[in-house]
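A.B. asks: Take a look at the following structure, please.
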Amino acid sequence: QLVEPLLIDHRPAEVADRTIPGHWEGDLLLGAARYPAAIGTLVERTTRFTVLVPVAQRRDATAVCAAFARRMRRIPTPLRKTLTTDPGFEFAAHRALAAQAAVQVFFCHPHSPWERGTNENTNGLLRQFFPKGGDFTQVSRRQLHRVQDLLNTRPRKALGGRTPREVFYGLPLQPLLR
């Protein structure tokens, strides 16, 4: 398991073509600077399945990476291959995240959000529910689950009209255990 940060250029080819599930893009939705909470976003590239991660009380690198690792450990191991994030301060503890979640972490190039286009698109959808400047300390886990379910049950053209939930939960895990 590599724990050094690698640029997106070093990701396996299967990540780019979306043929093999288990490759995630991650980011952090921030509210107003005066509030300590944030909402982490994880989006699986092949299925577009979205997982929201509550980051309460602090949004420093240690807290953010610990929250992401806790949430990622709940995802089956064969569906935790890589995670691509931006190289921001919030992912400075990427070594701990990689070790705790058993996932290889890659960084996109600075100021290149299109390199995590699936996540950026998802974040745009999420801003309808969680606008910039908001107080995310007031967002409950129940609210996060409701919004996560709304996104994951929305049919997607890119998935042939199926929903991310249908595709993600319909994956045969045994062939992924290679």
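A.B. asks: Among the residues in region 120-137, are any under 19 Å from L83 (Cα atoms) and open to solvent by 40 Å² or more (accessible area, probe 1.4 Å)?
C.D. replies: Yes, because at least one residue in region 120-137 is under 19 Å from L83 (Cα atoms) and open to solvent by 40 Å² or more (accessible area, probe 1.4 Å).
A.B. asks: Has region 56-66 got at least one residue that is in contact with a helix residue (DSSP H, G or I) (Cβ under 6 Å, 6 or more places away or on another chain), among the β-branched types (V, I, T) and either touching a residue at least 60 places away in the same chain (Cβ under 8 Å) or part of a strand (DSSP E or B) (or both)?
C.D. replies: Checking region 56-66: not a single residue is in contact with a helix residue (DSSP H, G or I) (Cβ under 6 Å, 6 or more places away or on another chain), among the β-branched types (V, I, T) and either touching a residue at least 60 places away in the same chain (Cβ under 8 Å) or part of a strand (DSSP E or B) (or both).
A.B. asks: Using the structure shown, decide if A33 is touching a Gly at 6+ places or on another chain (Cβ under 7 Å) and either surrounded by fewer than 23 Cβ atoms within 10 Å (Cβ to Cβ) or of a type in the set (A, V, I, L, M) (or both). Don't jump to the end; show me each part of the working.
C.D. replies: Values: touching a Gly at 6+ places or on another chain (Cβ under 7 Å): no; either surrounded by fewer than 23 Cβ atoms within 10 Å (Cβ to Cβ) or of a type in the set (A, V, I, L, M) (or both): yes.
For A33, the condition - touching a Gly at 6+ places or on another chain (Cβ under 7 Å) and either surrounded by fewer than 23 Cβ atoms within 10 Å (Cβ to Cβ) or of a type in the set (A, V, I, L, M) (or both) - is not met.
A.B. asks: Scan region 71-99 residue by residue and report those that are at pLDDT 95 or above, outside any loop (DSSP other than H, G, I, E, B) and open to solvent by 30 Å² or more (accessible area, probe 1.4 Å).
C.D. replies: If the condition is that a residue be at pLDDT 95 or above, outside any loop (DSSP other than H, G, I, E, B) and open to solvent by 30 Å² or more (accessible area, probe 1.4 Å), then R71 is the only one that fits.
A.B. asks: Would you check if there is a residue in region 98-117 being in contact with a helix residue (DSSP H, G or I) (Cβ under 7 Å, 6 or more places away or on another chain) and farther than 20 Å from H23 by Cβ?
C.D. replies: Scanning region 98-117 turns up no residue that is in contact with a helix residue (DSSP H, G or I) (Cβ under 7 Å, 6 or more places away or on another chain) and farther than 20 Å from H23 by Cβ.
A.B. asks: Working carefully through the options I8, I75, find the one that is out of contact with any Asp or Glu (no Cβ under 6 Å at 6 or more places or on another chain) and farther than 22 Å from Q138 by Cα. Working first, answer last.
C.D. replies: Numbers: I8 fails: out of contact with any Asp or Glu (no Cβ under 6 Å at 6 or more places or on another chain).
Of I8, I75, the one residue that is out of contact with any Asp or Glu (no Cβ under 6 Å at 6 or more places or on another chain) and farther than 22 Å from Q138 by Cα is I75.
A.B. asks: Tell me, yes or no, whether region 1-18 has at least one residue that is open to solvent by 10 Å² or more (accessible area, probe 1.4 Å) and under 25 Å from Q128 (Cα atoms). Before the answer, list the steps.
C.D. replies: We begin by selecting, within region 1-18, every residue open to solvent by 10 Å² or more (accessible area, probe 1.4 Å); these are 1-14, 16-18.
With under 25 Å from Q128 (Cα atoms) added as a condition, the list becomes none.
No: zero hits.
A.B. asks: Filter region 142-152 down to residues that are over 16 Å from R45 (Cα atoms) and open to solvent by less than 70 Å² (accessible area, probe 1.4 Å), then give me how many there are. Break it down stepwise before answering.
C.D. replies: If we filter region 142-152 for residues that are over 16 Å from R45 (Cα atoms), which is where we start, we get 142-147, 149-150.
Next, only the ones that are open to solvent by less than 70 Å² (accessible area, probe 1.4 Å) stay: 144, 147, 149.
Of the residues in that region, 3 qualify.
A.B. asks: Between G124, G88, G133, which is over 18 Å from the mean Cα position of the chain (by Cα) and among the small types (G, A, S)?
C.D. replies: Numbers: G124 fails: over 18 Å from the mean Cα position of the chain (by Cα); G88 fails: over 18 Å from the mean Cα position of the chain (by Cα).
Checking each option against the conditions leaves just G133.
A.B. asks: Could you tell me how many of the residues in region 5-39 are assigned to a loop (DSSP other than H, G, I, E, B) and either free of Cβ contacts under 8 Å to residues at least 40 places away in the same chain or of a type in the set (D, E) (or both)? Before the answer, list the steps.
C.D. replies: At the first step, the residues of region 5-39 found to be assigned to a loop (DSSP other than H, G, I, E, B) are 5, 11-12, 18-22, 31-37.
Now drop any that are not either free of Cβ contacts under 8 Å to residues at least 40 places away in the same chain or of a type in the set (D, E) (or both), which leaves 18-19, 33-34.
Counting residues in region 5-39 that are assigned to a loop (DSSP other than H, G, I, E, B) and either free of Cβ contacts under 8 Å to residues at least 40 places away in the same chain or of a type in the set (D, E) (or both) gives 4.
The values are calculated or read from the model by the stated rules, or taken from the named source; none is laboratory data. For clarity, every value in this text was computed on a predicted model and none was experimentally measured. We place every Cβ from the backbone using ideal geometry, glycine too, and count neighbours over all the protein chains shown. Accessible surface is based on the protein model in full, side chains and every heavy atom, while ligands, DNA and RNA are left aside. Shrake-Rupley method; radii C 1.70, N 1.55, O 1.52, S 1.80 Å.
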